[in-house]
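Notes follow once the structure below has been shown.
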Amino acid sequence: MKSQTLHILSNEWKTLLRGKWVIGYGLIFLMLTDSLLRFGGGGAEALLSLSNVMLLFIPLVGMIYGILYIYQSREFVELLLTQPIDRKVLYWGLFLGISTPLMAAFIIGSMLPLGWHGILILDGSASAMVLGLGGILTLIFVSLGFVLGLKFYDDRIKGFGFTIVIWLFMAILYDGLVLMLVFTFGHYPLERFVIAVSMLNPIDLARIMVMLEFDISALMGYTGAVFSRFFGSNLGIFTAGGMLAIWLAVPTWLGLRVFKQKDF
Amino acid sequence: MKFTISISGIIGFLLISFGTAHGQITVSPNGPVTSIQQAIEMSEPGGNIEVKPGTYFENNIEITKPLTITGENFPVIDGEHEGTVLVIRADSVTVKGFEIKNTGRSYIRDYAAILIDQAKDFLVENNRLDNVFFGIYLAETERGTVKNNTIESYDRREASSGNGIHLWNVKNPEIIGNTVQGMRDGIYLEFAEDARIHGNFSHKNNRYGLHYMFSNGGTYYDNVFRDNGAGVAVMYSENVDMKNNLFEHNWGSSSYGLLLKDMRHSTIEGNRFYRNTVAIYSESSSNLKIHRNDIELNGWAVNIKSSSARNYFTENNFIENSFDVRTDSPRNNNVFEGNYWSNYEGYDLDRDGIGDVPYRPVSHFSIIIDRQPESLILMRSMFIRLLDMAERIMPVLTPQTLIDEQPKMQRIQ
């Protein structure tokens, strides 16, 4: 069973590399990070710019890539399904086969310039945080793309439409809604609520972790007790990390369930 | 006075003729002279006292004549938690190489390890002070140097701890290369004229690393202030020069890298502010030159109250601070010019190194935060970025005149 998964995995990787898509994606991050470091100044500056790009584009690219893959390799998947292969094995093979190269492209593409400019050593923890978050976001959003692709298997327009809307909502509109709520209910104690709401969006979670790394000195300026406890101790980073793990598990599991029950 | 000096001189002479040579007296735990106080009384003015290693349980040791007292291998003077340990009441006294510990503690009296009271030209060097209430206390002194001492104490409460180096009503003191830790204020100055505070390391103090009150004309260069309860406060003074200091890791809702209050005609140059909640806070200060500082990764780089006027922020590097400038008024009486702002997004078409669009350091988001602090959790989100961008194009809420007309494109080296 394991060998079957690996077999599918390696096959996927070969196809992806032949397509050169992933390499281009990695190169984009390589050039971006390098130019940020070359022209932008110090490590913190470059890492923050990189994390901004990461927070905005990785979710979009991940989802589009996931859904596109489901649509494009329809024949291949259906062919494999006729073989005596467990659906679970097939799913893991397909999912990891396309998400891990994408993840690797981002991590390696950004890590190389960080390495040769010496930032990996200077700002080790911050670099690791940005790269790791990018990797996790890739996994989360590829699996979301899978779920959408499987749900709207025959209606591609709808599938892509949902992808764009979900991305727009999570990356931009969600924070607008939070801000609106904060201003509407400004007279109530909102700290717990605001933290809870932010935990429901994986992009916000990743953003909060970036914030904990770079803006902790500003966060400590806030006087509220709940925020101080949340941001001031390790509680914040553990909660956000835990929630990210849940966010990783739920869409993957959902995709697996849909894939298992689907009548192709 | 003259009479007592001559008497003690005679006694000293007599005693010295009993066994000490060249005006030098040696104190050791098992020698003929076992107490420092006794040696001081024996010594003639201008004499030398050498103290051998060991522990001496003495307090309120008074030095009333010019003397040099040197400890060999850091002999310990234990004050047994009572009163001040060493009091210098004469000019030209040198105290070197002691470990002094356990002074008295009091809510009424300022007991210190070393008190220098109405003396001139003293030198206190290479001493280690441990578990003391006040460390080195200078009262009404003139000139004199406090150099390379280490002061540490363990009371974490602000109200019941004392200051590391305390200066009150002094002239021309030199405070050089000392390390202070765990006190109330690391270095405290009140009515100190022309103080020179250079190369000190003040960290983990309960309140301020350096606290400067009513002290005109001083300089402080090359000091490091790290992780103090409330950073550094410089208040009610003028003509103070602050150069090449490092202010870092001062965190908390009322913690500042550098707090300026009622300061006038002073220069803040070449300092580095790194990861403080607020790097520079200014209230009722005027005519300050804030030039060529590195202000990096702070919560707020500058928090300037509208009571501050005619301050010049020029050629500073503002790098990835969560917020660049915060102010409480739509009007602006200060000048920001020729700084480098890492958050600047303008362009430079004529390639002269200066951005063609002015930079507005007060962001829309910082005004949102002031109104609704919970929205802090949205920092660096795309939505907030869009709001900021819109505000920069069409300013409505941010101060119209608080702008840098000539933002630099490159970091200033």
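The table below lists the values:
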| quantity | calculated |
| --- | --- |
| In sequence order, calculated HN-Hα J values of the range B:138-143 (Karplus, 6.51, -1.76, 1.60; Hz; x Gly/Pro) | 10, 10, 6, 9, 10, 6 |
| Calculated SAXS-style log₁₀ I(q)/I(0) at q = 0.08 Å⁻¹ - the range B:53-393, Debye, Cα scatterers | -0.43 |
| Hull volume in cubic angstrom per residue (convex hull over the Cα atoms of the range A:168-264) | 122 |
| Under 18 Å from A:Lys14, Cα to Cα: lysines that are on another chain or at least 8 residues apart | none |
| Helix-derived mean residue ellipticity, 222 nm - over the protein assembly as shown, DSSP H n ≥ 4, -39500 (n - 2.57), to 500 | -13000 deg cm²/dmol |
| Share of alpha-carbon pairs per 10 Å distance bin for the range A:41-144, given as whole % | 14, 39, 25, 14, 7, 1 |
| Shielding score for B:240-252, defined as the mean number of other chain Cβ atoms within 10 Å | 1 |
| B:Leu258 long-range amide H proximity, modeled H, under 5 Å | B:Val232, B:Ile280, B:Tyr281 |
| The range B:246-283 versus the range B:79-146: alpha-carbon centroid distance in Å | 30 |
| Highest to lowest packing among B:237-243, B:382-388, scored as the average C-beta count within 10 Å | B:237-243, B:382-388 |
| Largest to smallest principal axis extent of the C-alpha atoms in the range B:37-94, angstrom | 28, 24, 17 |
| Enclosed volume per residue, in Å³, of the convex hull spanned by Cα atoms of the range A:89-210 | 149 |
| Shielding score for B:367-375, defined as the mean number of other chain Cβ atoms within 10 Å | 6 |
| Entries in B:Lys52/B:Lys96; B:Lys101/B:Lys204; B:Lys52/B:Lys204 that, when Cα-Cα distance is taken, lie over 22 Å | B:Lys52/B:Lys204 |
| Ranked B:Ile368, B:Ile377, criterion: other C-beta atoms within 10 Å, fewest first | B:Ile368, B:Ile377 |
| The range A:218-235-the range A:50-106 distance, computed between alpha-carbon centres (Å) | 38 |
| Protection-proxy order for peptides B:46-52, B:278-284, each taking the mean of Cβ atoms within 10 Å per residue, highest first | B:278-284, B:46-52 |
| 10 Å Cβ neighbours from other chains, averaged over peptide A:42-54 | 3 |
| Reachable aspartates and glutamates from B:Lys65, criterion Cα separation under 12 angstrom, eight or more residues apart if same chain | B:Glu41, B:Glu44, B:Asp91 |
| Relative contact order computed over chain B (Cα-Cα under 8 Å; 6+ residues apart), in percent | 6 |
| 19 Å Cα-Cα threshold exceeded, pairs from B:Lys305/B:Lys408; B:Lys120/B:Lys243; A:Lys88/A:Lys262 | B:Lys305/B:Lys408; B:Lys120/B:Lys243 |
| Overall Cα dimensions of the protein assembly as shown - principal axes, largest extent first, Å | 115, 59, 50 |
| Kirkwood Rh and Cα Rg combined as Rg over Rh, evaluated for the range B:288-413 | 0.94 |
| Peptides ranked, highest mean first, by Cβ atoms within 10 Å: ranges B:181-191, A:212-222 | B:181-191, A:212-222 |
| Using distinct alpha-carbon pairs, which all enter the 1/r mean, Kirkwood radius of the range A:2-261 in Å | 19.7 |
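Here, each number is a calculation from the coordinates, and none is a lab measurement. What you see is a predicted model, and the numbers here were worked out from it, not measured in a lab. Reconstructed Cβ throughout: ideal geometry from the backbone, glycine too, with neighbour counts over all protein chains shown.
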